[in-house]
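Trainee: Below are the structure tokens for one structure; questions will follow.
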Amino acid sequence: MAGVVLETLSWKKLIALGILLLLLLLSFFLIGGLVAPNPSNVMVVLGTKCLRKGSHMQEEWFIPFGGNEKCDSINSVDEDRVYDEGISANQIVFSFWLPYMRDGKQLDFSRWQQMLLTVMQLDIQYDPKFPMVKGNQYNCSLLAFFELGSLHYDYYLINVRVPVEPYKGINMEIGSLMDIWVIGIHQNGGFTKVWVSIKTAMFPIVLAVLIWFWRRIMMLTRPPNLLERTLFSLGIAMSLLNLPLEWLTLAVDMPFMLMINDIRQGIFYAMLLCFWIIFAGEHIMDQVERNRLKHYWKHLAAVIFGCSCLFIFELSERGVRLTNPFFSIWITDVGTKLALSFIILAGIAACSYFLFLCYMIFQVFRNISAKRTTLPSMSSARRKFYLGVIYRFKFLMISTLFCAALTVCFFIISQLNEGQWKFMDQDLNLEYTSAFFTGVFGMWNVYVIGLLCMYAPSHKNKPMETDETSNEEEVQLTHLPSETSSVQAFAAKAAAD
Amino acid sequence: MKALEECQYQFEWDLWNCSETPASLFSMSNRIKADRELAFLHAIGSAGVMYVVTKNCSQGIQEACSCDVSRNGLLGKGSDWKWGGCSDNIDFGEYISRHVFSTTDTGRDAHAAMTTHNKQVGIQTLQVTAVLICKCHGVSGSCTIRTCWRQLADFRVPGNILKKKYKKAQRVNFYNGELRRGNSVRNVPLSLVSKSSLVYLSDSPNYCKIRHVNGMIGTQGRQCIKQEKGISVPKEHKKNCERLCRDCGFQIRRETLQEMSKCSCKFRWCCTVTCRDCLKTVTKNFCHKED
């Protein structure tokens, strides 16, 4: 393997660069924590119970408030008027207008708010015929309602009817429905603005580094090796994730944005997982010649299998919602089983991946400690070569662990904080969840930029052995270190002979 | 009025049956005694206002509901809901209950302190009963993003809690501008009152002797419940008639009444239109003055 920038860099420069990247990282967290609002907010809307006068067949929309357009409504389904006028269940329409009124004014959605996800909460009066929980109301769980991948319009009017069909038994024994709440979750415009700004800023930077990296490789006399190609792909995946497509949603109705974002993120993380496997594999330092994708098929298959499971799940949940926003795979029994099986399969794939990765890292460390013992007996060129390999590996290990630990820590903090959000509304104004998102996003950007810079081939000329001699010497050297690998090494030597 | 309705439900079988006018929820004018019943009234009153305002905000019919920006990030463009969304409806309900309906009792005397304290207990009780519900909507619906909101429980829940607090209410004294437990005559250091319990300043009057607006005295004419065939009575009301009538010097009179009620209803989620009106014979017990 050729020397990389990391090895030729002096400590001073390395520390300076490290501090620079750390500061960049910190600024990402601060932008998210201080500037951006919470990623999403919620609107709890209580349905207005409008009365339908005309025949059942008539298509009609009911508007909960306003001047002349306001529907004729009742306050409660058990008020006297309902009995006096003989109003039936079929005549009641629950009407919702999103977003609701505030300060006496009608709010309107902004396209910056990106998406709307709604759930329904039903208030059902307790009936002694169905004793479940003692109390005045049943404790009903939430119902998924609909999900819109784009907020292209200013207002959304929802009419819900719960018609009774006595002969078919539809909606007959559902208890006494008093109210319907619709809870709308939308992304915050401010968060989108901050998010898109970060993406817009990072996209050209990563792209520039990527081009620089590839030109470095092109300047080499040899063709790019596997690790370099993987790193390049990782850069491409990062750029894809950075691409600020959100700008388009301001002009065009793009309900598929949610799905595209999920897929982009999926591609990036899949690429990252592949990169770790290949990086570890290329640093095992045994005599096996890898440098080809074929050697990693088991590991990569785990990644690809897991990701495609999640992809199919995604398609069947958010994909179907493109045509029918009310669809959810979880509402039918078969769908739930299917979705669960996909998620379990993906989980199995993830587990096997991590076993592979851990085993590989274990192998690397075993070989590193083995090499360490033999280092003094090597020629200076060999020693330099192995020291370089060990150094490169350790550097990546530490930075990766640092990033992963930071992600996990911050995720836990943001989750904990949200659970307790009720109790600490006034005292702290740091948005942990936003900070988590911008921070983690910025962190992986910094990580990829760092890798592309550090692991680009160095153009400072370094004395390097040619491939054949290093291979030969490696074989001769490997049977020195330990008893356990000597048999293996002997076999390999015999094969080489 | 939601609070009064709930109060009358909670005290249906008590000596004091919450036969109050809505005005007494918010002022002291027509009650001279600062007893534990008043404490309950204030607490349930402020909780009721908060509850109704929150519901109206959610329905969009409360004109004055505003978009509070307290949770919008520091540098956010404050008043813009497009930047950070609006605050919870419950916060606004609390604000209205705390600031708009407390204007009648200002001042630094014992009564004002008691009112403020009990109203705070009511608000706090409603807040505690509101459930925090979260929904995950991250990548593919995972929990990387979670949004939480508070859902009001049925008003019966805070009602039940406040009834329990009513029973455990503490008698306090106003001392150095603070409400303190116990009697100031004894030379014992007085402890401060817990923030979650109802407090009162004077003992309740004898509700057997109180003259009501309609000229009835005490529990005269009130219905009571008795353990009988076909009627099961909650444990705490086992001796309801004795307590309500006998102890006040009234007699229990058994009356058989014809009552109109809805029956043989077809069960549907709303508006039982297929009901018929039937005449039902019921037996009830009333407190009756001795002739």
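Laboratory data are not the source of any read-out in this text; all were calculated from the coordinates shown. Note that the coordinates shown come from a computational prediction; the quantities given were computed from them, not determined experimentally. All Cβ positions, glycine included, derive from the backbone under ideal geometry; neighbour counts span all protein chains shown.
Trainee: Multiply the residue separation of A:R161 and A:C351 by 0.36 nm, subtract the distance between their alpha-carbon atoms, and state the gained length in nm to one decimal.
Mentor: 63.8 nm
Trainee: Count, for each residue of B:152-158, the Cβ atoms from other chains sitting within 10 Å of its Cβ, then give me the mean as a whole number.
Mentor: Mean shielding count: 4.
Trainee: Peptides A:336-349, A:21-34, B:248-261: what's the order by average Cβ count within 10 Å, highest mean first?
Mentor: A:21-34, A:336-349, B:248-261
Trainee: Please give the Cα centre distance for the stretch A:165-184 versus the stretch A:202-245, rounded to the nearest Å.
Mentor: 57 Å
Trainee: Which order, highest average first, do A:321-333, A:103-115, A:180-192 follow once you tally other Cβ atoms within 10 Å for each residue and take the mean per peptide?
Mentor: So the peptides A:321-333, A:103-115, A:180-192, ranked by packing, come out A:180-192, A:103-115, A:321-333.
Trainee: A follow-up question, please. How crowded by other chains is A:29-42, given as the mean number of beta carbons from other chains within 10 Å of each beta carbon?
Mentor: Mean shielding count: 5.
Trainee: With label points built 7 Å along Cα→Cβ from the Cα atoms of B:Y175 and A:V334, find their separation and express it in nm.
Mentor: 7.4 nm
Trainee: Moving on to the next point. Rounded to the nearest 0.05, what FRET efficiency is calculated for A:L142 and B:K235 with R0 set to 35 Å and r the Cβ-Cβ distance?
Mentor: 0.50
Trainee: Next question, about the same structure. Taking the beta-carbon count within 10 Å as an exposure proxy, list B:H237, B:H99 from fewest neighbours to most.
Mentor: B:H99, B:H237
Trainee: Given the Cα-Cα distance of A:E85 and A:L220 and 0.36 nm per residue of separation, how much length would full extension add, in nm?
Mentor: 39.8 nm
Trainee: Next question. Report for the stretch A:41-187 the percent antiparallel among DSSP-assigned beta bridges with both residues inside it, nearest 5.
Mentor: 95 percent
Trainee: Separate question: Counting Lys +1, Arg +1, Asp -1, Glu -1, what net charge surrounds B:C224 among other residues with beta carbon under 15 Å of its beta carbon?
Mentor: Result for the local shell: +3.
Trainee: If you only keep lysine pairs separated by 8 or more in sequence, or across chains, how many in the stretch A:41-187 come under 26 Å at the Cα atoms?
Mentor: Taking the stretch A:41-187 as the scope, the lysine pair count is 8.
Trainee: Compare the peptides B:157-164, A:156-163 by average per-residue count of other Cβ atoms within 10 angstrom and give them in order, highest first.
Mentor: By packing density, highest mean first, the sequence is B:157-164, A:156-163.
Trainee: Based only on other Cβ atoms within 10 Å, what is the fewest-to-most ordering of B:W16, A:W195, A:W247?
Mentor: The fewest-first ordering by Cβ neighbours comes to A:W247, B:W16, A:W195.
Trainee: Check A:F145: other-chain or 5+ apart residues with amide H under 5 Å from its amide H, H built from backbone geometry?
Mentor: Amide H neighbours of A:F145, under 5 Å, 5+ apart: A:T118, A:V119, A:M120.
Trainee: Do the alpha carbons of any pairs in B:K165/B:K239; B:K119/B:K239; B:K2/B:K82; B:K195/B:K284 sit beyond 30 Å of each other, and which pairs?
Mentor: Result: B:K119/B:K239; B:K2/B:K82; B:K195/B:K284 exceed 30 Å.
Trainee: I would also like to ask the following. Please average, across the residues of A:67-80, the number of beta carbons from any other chain that are within 10 Å of each residue's own beta carbon, and give a whole number.
Mentor: Rounded to a whole number, the mean comes out at 1.
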